[in-house]
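Scroll down for the structure; my scribbles are underneath it.
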Amino acid sequence: MDICVVGAGYVGLVTSACLAYLGNHVIAVESNPERLNSLKSGAVPFFEPGLQEFVQQTSESGFLTFSDNLPEAVKKAQIIFIAVGTPSLPNGESDLSQVMVVARAIGAALDDSKRRIVVNKSTVPVGSGNWVEMLVSQGVQNAQKAQLVPARSGRSEGPSFTVVSNPEFLREGSAIADSFYPDRIVVGSIDEQATSVMQNLYKPILSQTFDAPSFAMRPHGLNSVPFIVTDLASAELIKYSANAFLAMKISFANEISGLCEKVGADVKQVAQGIGLDYRIGKAFLNAGVGWGGSCFGKDVSALMQVAKEYSYPTSLLEATVAVNERQRLVVIKKLQEELKILKGRTVGLMGLSFKPNTDDLRDAPALTIAYQLLKMGASVKAFDPVSNDICKTLHSHLDLIYADSVEDLACDCDALVLVTEWDEFKHADWKKIAKLMRWPLVIDGRNALDEEQVRASGITYRGVGC
Ligand code: UDX
C-alpha cells in the first residue's frame, strides 16, 4: 500500500520503518529541516536500540523515503498517518496545534483520485477524531476556495476521506519489537471499509506471517495478535486508560513500598506475591523513584483535564500523580537518614534518562532529584551511558558535574544513587567503586542492583521499600 506518515518523531519514524519493512511504500513527512536532512543522510536523531540500522535498511530497500512535501506525499497515499507531537501545556491539556496544522494541510492536499483514510496515531484527547475530521474538511474547503471552485448548493462532494484512530502502545527502548509484536492493535472507526483496509495493512502482524528481523526476534509462541475495532472515542480512551492504569500500578507499588519500610516487609517479595495472581500480573510493580517519560505524566494529566470538562472526579488519577511526585524524593530522605547533612556532600547520580535504553530526559526522575539536591546545597555528579550530552544541552541551568564512566562518577562521592537501571550499572565493579568513594553508600532507587554484591564490597546499601 502507499502510505504517508506525517511526523518523523519517535512514533512516526518507528511506524514508518515497520510499515516499510512489511512491504508498503512509505513516505515519512518531516517539516523540521534539520531532522529531515539527518534522516535523509541515514542518521536517526535520537537513541533507540536497532532503529538506526532498521531505518537505513528500509531506506536502502526503497520502501521508505523522507520528504518535506506533504501535499505530494498525501496525493500518493491511500492511508495517511498523523504522528506529530502532542506535548502537555502548562495546565495539563494536550497541545494540539501541530495536529491542527497537519490535519488542515492534509485536507488541502486531498484530491478526488481515491478515498483516503486519515489515521490519528498521535495521542489526542477523547473526541479529537471528530475534530480532526472537521479540520480535514476545513482544509478541503480552504483549498476549494483558493481555487475559486464555486460553492455547491447543499452537501459538498469534496474528496472522499474518513478519519480513524489507531493508538500506539510502543515503549521507548523496545519500540521496534513493540510495533511488530503488540499485545493488540486497536482501530477506532465505525466505517467498515476503513477498518477492513486497516486490518489488511496490519495483516502480516496480526497473523505474524512476516520474516522477523534479526534485531527484533519474534517472542516464542506468538502466532497471532488481536485486532480490536471500536468507535473513535473508545479507541482514544483506550490509549489514555492503558497508560493511566500502568502509572497507577507503579504508584500503587510505590505506596506499598513506603508501608513495607514501616512494617519491616520487602516490597520485592510483596510484588512477587501479588503479581503471581494472574488478575494482577507481575509487570509494572517495580517500586523505586517512580515513573517518568513523555507519556505517563502527559496522558494522566490529559485524562484528568477531559474529566474536568465534564465535572467528573478523578480521585485515583490524582493520587497516582501525588504518589509519584512524593516517590521521586524518597532517595533524598534516605540520603538524609544516612548522611544527616547534605550541604557540602557530593552525590553521584547513576543515570539520567527516564528509563534505560533511551536518551529521553522528558519528565525524568533524575532531573527532579538533581534539582532538589542542588537546592539543598549538595554537589551533584552524574553519569548516563547515553544522555550526558543531551542533558548538558537541554538542562544547562542544572549545575551538574558530568562524569564519563561509573568509576569517574564514584570518585570522591559521599553517596551514589541509582536512578536509571542501565545494565552497565547492574554489572559495575563495586569493589573498585568502594575504593573510589569518599563514603561508601549506595541508594538503589530502582531496586535493580545485586544487594549482596554491593554489601560484600563494604558499601552500605539502601533500596526502596525494603
Ligand atoms: C509508555 C507505555 O508503556 C507505552 O505503552 C506507551 O505507548 C508510551 O508510554 P514508555 O514511556 O516508553 O512507555 O516507558 P515504560 O516502559 O512504560 O516506563 C514508564 C516509566 O515507568 C519509566 O520511568 C519506568 O522507569 C517506570 N517504571 C516502569 C517503574 O517505575 N516501575 C515499573 O514497574 C515499570
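A count restricted to segment 355-389 and to residues that are in contact (Cβ under 8 Å) with a residue 12 or more places away in the chain and away from the ligand (no atom under 16 Å from the Cβ) stands at 13.
For G351, the conditions (1) under 19 Å from the mean Cα position of the chain (by Cα); (2) buried (at least 23 other Cβ atoms within 10 Å of the Cβ); (3) away from the ligand (no atom under 11 Å from the Cβ) all hold with the exception of (3).
Scoring Q272 on the criteria (1) within 11 Å of the ligand (Cβ to nearest atom); (2) of a type in the set (S, T, N, Q); (3) farther than 30 Å from M198 by Cα leaves a single failure, condition (1).
A quick yes/no check of all residues on (1) assigned to a helix (DSSP H, G or I); (2) farther than 25 Å from L237 by Cα; (3) in the same structural domain as D360 (by TED's automatic domain parsing):
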site	(1), (2), (3)
G281	no, no, no
L285	no, no, no
G288	no, yes, no
M304	yes, no, no
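Select the helices (runs of 4 or more DSSP H) contained entirely in segment 45-142, then report the ones holding at least 1 residues which are over 21 Å from H25 (Cα atoms), over 20 Å from the mean Cα position of the chain (by Cα) and small (G, A, S).
Because the criterion is at least 1 residues that are over 21 Å from H25 (Cα atoms), over 20 Å from the mean Cα position of the chain (by Cα) and small (G, A, S), the helices (runs of 4 or more DSSP H) in segment 45-142 that meet it are 97-109.
Is it true that R218 is within 15 Å of the ligand (Cβ to nearest atom), assigned by TED's automatic domain parsing to the domain that holds F47 and of a type in the set (K, R)? Spelling it out, it is not the case that R218 is within 15 Å of the ligand (Cβ to nearest atom), assigned by TED's automatic domain parsing to the domain that holds F47 and of a type in the set (K, R). No other residue among V118, V126 is open to solvent by less than 70 Å² (accessible area, probe 1.4 Å), of a type in the set (V, I, T), more than 16 Å from the ligand (Cβ to nearest atom) and modelled with pLDDT under 95 apart from V126.
In segment 275-285, of all residues being among the hydrophobic types (A, V, I, L, M, F, W, C) and within 10 Å of the ligand (Cβ to nearest atom), the one that is least open to solvent (accessible area, probe 1.4 Å) corresponds to L285. When the test is whether a residue is among the aliphatic types (A, V, I, L, M), in contact with a helix residue (DSSP H, G or I) (Cβ under 8 Å, 6 or more places away or on another chain), within 16 Å of the ligand (Cβ to nearest atom) and assigned to a loop (DSSP other than H, G, I, E, B), V186 does not pass it. In segment 361-401, which residue that is of a type in the set (D, E, K, R) and under 21 Å from R345 (Cα atoms) is surrounded by the most Cβ atoms within 10 Å (Cβ to Cβ)? Residue satisfying both the conditions and the ranking: D384. How many residues does segment 51-66 contain that are open to solvent by less than 20 Å² (accessible area, probe 1.4 Å) and either in contact (Cβ under 8 Å) with a residue 60 or more places away in the chain or closer than 24 Å to R104 by Cβ (or both)? The qualifying residues number 2. The set of residues from segment 183-236 being of a type in the set (G, A, S) and either farther than 19 Å from V132 by Cα or open to solvent by 70 Å² or more (accessible area, probe 1.4 Å) (or both) comprises S196, S207, A212, S214, A216, G221, S224. Tell me the residue from S224, S251, S257, S196 that is outside any strand (DSSP E or B), assigned by TED's automatic domain parsing to the domain that holds T58 and either within 14 Å of the ligand (Cβ to nearest atom) or out of contact with any helix residue (DSSP H, G or I) (no Cβ under 9 Å at 6 or more places or on another chain) (or both), please. Sole residue among the options that is outside any strand (DSSP E or B), assigned by TED's automatic domain parsing to the domain that holds T58 and either within 14 Å of the ligand (Cβ to nearest atom) or out of contact with any helix residue (DSSP H, G or I) (no Cβ under 9 Å at 6 or more places or on another chain) (or both): S196. Listed by first and then second residue, the pairs with beta-carbon distance under 6 Å, at least 6 apart or on different chains, first residue in segment 286-299 and open to solvent by less than 20 Å² (accessible area, probe 1.4 Å), second polar (S, T, N, Q) and near the ligand (Cβ under 6 Å from one of its atoms), are D299/N243. The residues of segment 85-100 that are open to solvent by less than 20 Å² (accessible area, probe 1.4 Å) and not hydroxyl-bearing (S, T, Y), listed by number, are G92, V99.
Right, R446: modelled with pLDDT of 95 or more and away from the ligand (no atom under 16 Å from the Cβ) or not? It is false that R446 is modelled with pLDDT of 95 or more and away from the ligand (no atom under 16 Å from the Cβ). Looking at segment 261-271, can you tell me whether even one residue there is open to solvent by less than 40 Å² (accessible area, probe 1.4 Å) and part of a helix (DSSP H, G or I)? Yes, segment 261-271 contains a residue that is open to solvent by less than 40 Å² (accessible area, probe 1.4 Å) and part of a helix (DSSP H, G or I). Within segment 410-428, residues that are on the phi < 0 side of the Ramachandran plot and away from the ligand (no atom under 16 Å from the Cβ) sit with their Cβ atoms under 6 Å from residues that are outside any loop (DSSP other than H, G, I, E, B) and among the polar types (S, T, N, Q), at 6+ positions apart or across chains, in these pairs: C413/T346; D414/T346.
One residue is enough: does segment 380-395 have a residue meeting the conditions out of contact with any Ser or Thr (no Cβ under 6 Å at 6 or more places or on another chain) and under 14 Å from V331 (Cβ atoms)? Checking segment 380-395: at least one residue is out of contact with any Ser or Thr (no Cβ under 6 Å at 6 or more places or on another chain) and under 14 Å from V331 (Cβ atoms).
Listed here are the helices (runs of 4 or more DSSP H) enclosed by segment 323-416 that have at least 2 residues being within 24 Å of A253 (Cβ to Cβ): 330-339, 365-375. Counting the residues of segment 1-21 that are modelled with pLDDT of 95 or more, surrounded by fewer than 21 Cβ atoms within 10 Å (Cβ to Cβ) and part of a loop (DSSP other than H, G, I, E, B) gives 1.
The values are calculated or read from the model by the stated rules, or taken from the named source; none is laboratory data. Computed from a prediction, not measured in an experiment: that's the story for all the values here. Cβ coordinates were reconstructed from backbone atoms using ideal geometry, including for glycine residues, and neighbour counts include every protein chain displayed. Quick note on the areas: whole protein, heavy atoms, side chains included, nothing else; ligands and nucleic acids left out. Shrake-Rupley method; radii C 1.70, N 1.55, O 1.52, S 1.80 Å.
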